[in-house]
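So the structure is just underneath, and the comments pick up after that.
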Amino acid sequence: MRQKLNIITLGVNDFEKSLNFYENGLGWKKSSASMEVIAFFPLGGMVLSLYPRKALAEDVNTDEAGSGFSGITIAYNAKDETEVDTVMQKVEALGATIVKPAQKVFWGGYSGYFKDLDGYMFEVAYNPFWGFDENDNLVLPV
């Protein structure tokens, strides 16, 4: 298996409301491959997909009533601390719940966490030890 992830699909409770959050609130552009009940947002080599939670649970053949912390977070790496603060303020205004306000963290960076409209945990972080390439892809040390 290649060391690559291609799509992260979030099972959302209210597809239209979630679509509005990402598309109109965050200003993300969905792909023309999106359909009536699924949205695809290209993220520079990866894709974030939104799909109704009930339909996704049926597709996976599992119960949709999951509870508690799922053990996964999704991260957005910012280019500086100001961008972290700006993103956190924007998502809160759009209805996200701030779980951990942005702050200096033990590993030397600056980050905070929010839950989106369906409770998915997002970290917004600035890591002064990492950079970006000319295509805005995160570059980790080798």
remark   = Once both label points are put 7 Å beyond Cα along the C-beta direction, the Ser70-Gln103 separation in nm becomes 2.6
note = Checking segment 40-123 for chymotrypsin sites (Phe, Trp or Tyr not before Pro) in a loop per DSSP with at most 13 other beta-carbon atoms within 10 Å yields Phe69, Phe106, Trp107
ask   = Not counting the cut sites, what is the longest span of the chain without trypsin sites (Lys or Arg not before Pro) that DSSP labels loop and that have at most 14 other Cβ atoms within 10 Å?
value = 80-142
task = Rounded to whole Å and sorted largest first, list the principal axis extents of the Cα atoms in the chain.
result = 42, 33, 28
inquiry  = Quick check: the angle from helix 81-93's long axis to the longest principal axis of the chain, C-alpha only, nearest 10 degrees?
reply    = 30
ask   = Using a simple charge model, +1 on the beta-carbon of Lys and Arg, -1 on the beta-carbon of Asp and Glu, nothing else, what dipole does the chain show about its Cα centre, in debye to the nearest 20?
value = 200
ask   = Can you give the direction-averaged projected area of the convex hull of the alpha-carbon atoms in segment 42-122, in nm²?
value = 6.8
request  = Output the relative contact order of the chain, whole-number percent, from Cα pairs under 8 angstrom with separation of 6+ residues.
outcome  = 20
key: Heavy-atom accessible surface of the chain: percent carbon and sulfur, 1.4 Å   = 53
Probe 1.4 Å, protein heavy atoms only - accessible area per residue of the chain in square angstrom = 65
request  = Let me know the volume per residue of the alpha-carbon convex hull for segment 86-142, in Å³.
outcome  = 110
Residue-averaged 222 nm ellipticity for the chain, from DSSP H runs of 4+ at -39500 (n - 2.57), nearest 500 = -5500 deg cm²/dmol
ask   = What longest range of the chain stays clear of loop-exposed GluC sites (Glu not before Pro) (DSSP non-H/G/I/E/B, at most 11 other C-beta within 10 angstrom)?
value = 37-133
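The values are calculated or read from the model by the stated rules, or taken from the named source; none is laboratory data. All figures in this text were calculated on a predicted structure; none of them were measured in a lab. In this analysis, Cβ positions are derived from the backbone assuming ideal geometry, glycine residues included, and neighbour counts consider all displayed protein chains. These area figures cover heavy atoms from the full protein model, side chains too; ligands, DNA and RNA do not enter into them. Shrake-Rupley method; radii C 1.70, N 1.55, O 1.52, S 1.80 Å.
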